[in-house]
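Participant: First the structure, then my questions, so here it is.
The values are calculated or read from the model by the stated rules, or taken from the named source; none is laboratory data. Just so we're clear, the structure is a prediction, and the values are computed from it rather than from any experiment. Quick reminder, even Gly has a Cβ in these numbers, built from the backbone with ideal geometry, and neighbours come from all protein chains shown.
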């Protein structure tokens, strides 16, 4: 058989592998619609440029998808991909802005004489890159996140800052990433904000996966009890966090999990937390819980 005929036969054989019994070509599954990261950039053009670059970054989005392959499909955990990133980034910026409105200085301002807008770039990028290491493994993912995030930070900030400033911001972002781990010790306001914001992604719908997959334990049941989380200006402190629960099981999420992230964050003196139940039966057990 000649070379041309062999090639034609190979091509037909290859095509037949993608055809059904009826001879119709198999349909290629459409990829899910890409989730765009949206934040209120306000009057911060550099932050908007960073967000635009993030949304155009194909490699970064692929890493977020791989994170969820490990987290959701293989480990049965809740989402840690682009939806989580979107939520944590917006919470981080809200916490930072509330603190600045009350005269609390970010460390890039106090230590490096940079601007509050630069602090927003730090918390936003740290929020978007903090879980990258989960694309490798859940265990020690905070450390893996560092070497994946470092070159990505350089790409995303290239041309927006001179090298000395870019180097400072990169270090501050990496510090915030590693400090979100259990037992992490944030040394900056920005790192403490990212740590707390990560823990506040706990509203209903964010942690249904383990429960609906049949994993019924205190983690899944208490997570499902969180209806919504509100963040507003506080009365006695700059920030007031309200956790609305449909039953008292949600106290576990607040007292055991969130409290552990808040303690040692450096934000304890700036945040008041109140959790309340909305069901009549549970109001008899516990109406309001504060930390």
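Participant: Residues of segment 238-264 being over 17 Å from residue 198 (Cα atoms) and either surrounded by fewer than 17 Cβ atoms within 10 Å (Cβ to Cβ) or assigned by TED's automatic domain parsing to the domain that holds residue 94 (or both), which ones?
Facilitator: Matches in segment 238-264: 246 only.
Participant: Here is a follow-up. Name the one entry in 33, 11 that is loosely packed, with under 10 Cβ neighbours inside 10 Å, more than 21 Å from residue 198 (Cβ to Cβ) and either in contact with a strand residue (DSSP E or B) (Cβ under 9 Å, 6 or more places away or on another chain) or at pLDDT below 95 (or both).
Facilitator: 33
Participant: Quick one: is residue 58 surrounded by fewer than 22 Cβ atoms within 10 Å (Cβ to Cβ) and either farther than 30 Å from residue 238 by Cβ or touching a strand residue (DSSP E or B) at 6+ places or on another chain (Cβ under 8 Å) (or both)?
Facilitator: It is true that residue 58 is surrounded by fewer than 22 Cβ atoms within 10 Å (Cβ to Cβ) and either farther than 30 Å from residue 238 by Cβ or touching a strand residue (DSSP E or B) at 6+ places or on another chain (Cβ under 8 Å) (or both).
Participant: Here are 39, 72: which of them is outside the structural domain of residue 128 (by TED's automatic domain parsing) and either closer than 19 Å to residue 229 by Cβ or modelled with pLDDT under 95 (or both)?
Facilitator: It is 39.
Participant: Based on what the data block shows, is residue 226 more than 20 Å from residue 106 (Cα to Cα), surrounded by fewer than 23 Cβ atoms within 10 Å (Cβ to Cβ) and modelled with pLDDT under 90?
Facilitator: So residue 226 does not fit the description; no.
Participant: On the basis of being closer than 23 Å to residue 86 by Cβ and modelled with pLDDT of 90 or more, does residue 185 make the cut?
Facilitator: Spelling it out, it is not the case that residue 185 is closer than 23 Å to residue 86 by Cβ and modelled with pLDDT of 90 or more.
Participant: In segment 143-168, how many are touching a residue at least 40 places away in the same chain (Cβ under 8 Å) and either over 21 Å from residue 57 (Cα atoms) or in contact with a helix residue (DSSP H, G or I) (Cβ under 6 Å, 6 or more places away or on another chain) (or both)?
Facilitator: Residues flagged as touching a residue at least 40 places away in the same chain (Cβ under 8 Å) and either over 21 Å from residue 57 (Cα atoms) or in contact with a helix residue (DSSP H, G or I) (Cβ under 6 Å, 6 or more places away or on another chain) (or both) within segment 143-168 amount to 6.
Participant: Considering 142, 172, 155, 120, which residue is out of contact with any strand residue (DSSP E or B) (no Cβ under 8 Å at 6 or more places or on another chain), modelled with pLDDT under 95 and in a helix (DSSP H, G or I)?
Facilitator: 142
Participant: Ok, one more. Can you confirm whether segment 188-202 contains a residue that is farther than 28 Å from residue 49 by Cα, at pLDDT below 95, in contact with a strand residue (DSSP E or B) (Cβ under 8 Å, 6 or more places away or on another chain) and assigned to a loop (DSSP other than H, G, I, E, B)?
Facilitator: yes
Participant: Just to be sure before I move on: is residue 105 outside any helix (DSSP H, G or I), in contact (Cβ under 8 Å) with a residue 12 or more places away in the chain and touching a helix residue (DSSP H, G or I) at 6+ places or on another chain (Cβ under 9 Å) in the structure I sent?
Facilitator: yes
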